[in-house]
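Values quoted throughout were computed directly from the atomic coordinates according to the rules given, and no laboratory measurement underlies them. Remember, predicted model here, so these are calculated numbers, not experimental data. No Cβ is skipped: glycine too gets one built from the backbone with ideal geometry, and neighbour counts run over all protein chains shown.
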Amino acid sequence: MNDSLPSSFFQHFNTEPVLVRAPGRINLLGEHLDYNEGWVLPAAINKEFVFALAPNQSNDFNIVAQDLNESASFSLDELHKGEGWVSYLMGVIQGILHKGKKVKGVDCMFTSNLPVGAGLSSSAALCCGFGFALNEIFQSGLTKLDLAQIAQYSEHEFAGVKCGIMDQYASLFSRKDHLILLDCREVSHDIIPFKLDGFQILLVDTNVKHDLASSAYNARRAACEEGVALLRKKNDQISTLRDVSHEALIASKEAFQKDTFLQCQYVVEEMARVKVGAQYLKENNLNGFGQLMYQSHYGLKDKYHVSCSELDFLVSIASDVGVIGSRMMGGGFGGCTLNLIEESKVENFMEIVKKRYPTQFDRIPAVYVVDTEDGVGVIS
Ligand code: GLA
């Protein structure tokens, strides 16, 4: 945490705040499965937002984004979809009202060490942390699941991205040294111990975010729905790709356009991979798990078509160097690769990446070693 946050808050607002931290997430397997009611394997990480918040006995929200040197003030009757972090926060307030709860004005200051646009779900962390803090100070009685849905509502209605529930759920429910095996149909989870003796999780940030990311995201979701509509013609028990076996998909191949077929195929195959992967983790079979990570990447690249040359390049270097598992992470079209790597190989891998990536793309990659962390909570 930024130690100066409570004192900066006091200087600015002249009152003592409640402090809440809200982490970003990684996802080990199961990209683009959440909105298909599949399984995903995320965990919160030790990169986070910290909020300082106090009620101000009005209907006004006065908010300072400390790192950005920006601030915003608006009242409860001025909530509207707009640009940037203010819009996300307005979406959270609207989402709480939408759940039938009351909200009043607050003074708020926040800071973050979570990179934006790196595929680490900074917007989910922003929304979950703010919602959690409001729930805390107004004692609204919202559950963590309510808060995840409110954060998702903000993303859907105020940012226009029809995301699934993975990021918000992981930010709120995670536990240090564990992964969450989240069943996105039941919206409930199992917890899998994940303590990496002799290994590290290394994120390599391409430092690119291609413009088409959010429109392509919504287009992939629509392609999956189109696939379901086709498959339902034969079997009306199917409500999402979760209900579709690989055999059933192949049997209907003729009805599909090529890309839609490939995209649905990736989803069905990845669902199987997550189940096998969770079992491998329970058996401590990291080699097997790493292989699944590579397969997942190639599926995202060649079938789901959400990778980009920068991500593919980083995964191919990882494979050359013998990184145990490597794949693009998050929505795609930029952001980070996730690498499961032996500690003894980290230095060599980083050196090669830092040398070869800028030569190829005229851009410097960022590298983060991360660890799993507890989900959103109050800092005492
Ligand atoms: C983004 C979305 C998530 C999920 C991932 C891909 O992070 O917010 O809901 O769909 O992409 O797995």
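Per-residue ellipticity at 222 nm from helix content only, as computed over the chain with -39500 (n - 2.57) for each DSSP H run of at least four residues, stands at -14000 deg cm²/dmol.
Once the Cα atoms are used to define both axes, helix 213-232 deviates from the longest principal axis of the chain by about 60 degrees. Of all aspartates and glutamates in the structure, the ones whose alpha carbon falls short of 16 Å from that of LYS345, not counting any fewer than 8 places away in one chain, are ASP197, ASP320.
Which of LYS303/LYS354; LYS209/LYS303; LYS195/LYS355; LYS195/LYS354; LYS209/LYS282 have a Cα-Cα distance over 23 Å? Correct reply: LYS303/LYS354; LYS195/LYS355; LYS195/LYS354; LYS209/LYS282. For the chain, find the longest principal axis of its Cα atoms and tell me its angle to the long axis of helix 343-361, 0 to 90°, nearest 10. Helix 343-361 and the main axis of the chain meet at about 90 degrees. Label separation (GLU342 vs HIS210): 3.4 nm, computed from points 7 Å beyond Cα along the C-beta direction.
Positive end of the dipole of the range 57-111 (Cβ unit charges, origin at the Cα centre): among GLY100, MET90, THR111, the Cα lying farthest that way belongs to GLY100.
Considering only beta bridges that DSSP places wholly inside the chain, some 95 percent are antiparallel.
Between SER73 and ALA251, take the C-beta separation as r, use R0 = 56 Å, and let me know the FRET efficiency to the nearest 0.05. The value I calculate is 0.45.
Each of HIS210, GLN263, PHE138 was scored by the projection of its Cα onto the charge dipole of the chain, and the greatest displacement toward the positive side belongs to GLN263; charges sit on the C-beta of Lys, Arg, Asp and Glu.
This model, with +1 at the C-beta of Lys and Arg and -1 at the C-beta of Asp and Glu, gives the range 261-380 a dipole about its Cα centre of some 300 debye.
Each of the peptides 47-55, 281-289 was scored by the mean count of other Cβ atoms within 10 Å over its residues; in descending order, highest first, they stand as 47-55, 281-289.
Identify the residues of the range 182-210 with backbone N under 19 Å of a label point that sits 7 angstrom from the Cα of ARG175 along the Cα-to-Cβ direction, or state none. The answer is 182-184, 187-197, whose backbone nitrogens lie closer than 19 Å to the label point.
Annotation: extensible slack from GLN11 through LYS162 equals 50.5 nm (criterion: 0.36 nm per residue apart, minus Cα-Cα distance). Using alpha carbons only, how many degrees (0 to 90, rounded to 10) separate the axis of helix 286-302 from the longest principal axis of the chain? So the inclination is approximately 90 degrees. Only lysines eight or more places from LYS99 in sequence, or on another chain, were considered; those with a Cα closer than 26 Å are LYS81, LYS144, LYS162. Using a simple spin-label model with pseudo-atoms 7 Å out from Cα toward Cβ, GLU83 and ILE364 lie 2.7 nm apart. Scanning residues 5 or more positions from VAL208 or on other chains, those with amide H under 5 Å from its amide H are GLY335, with H placed 1.01 Å from N in the peptide plane.
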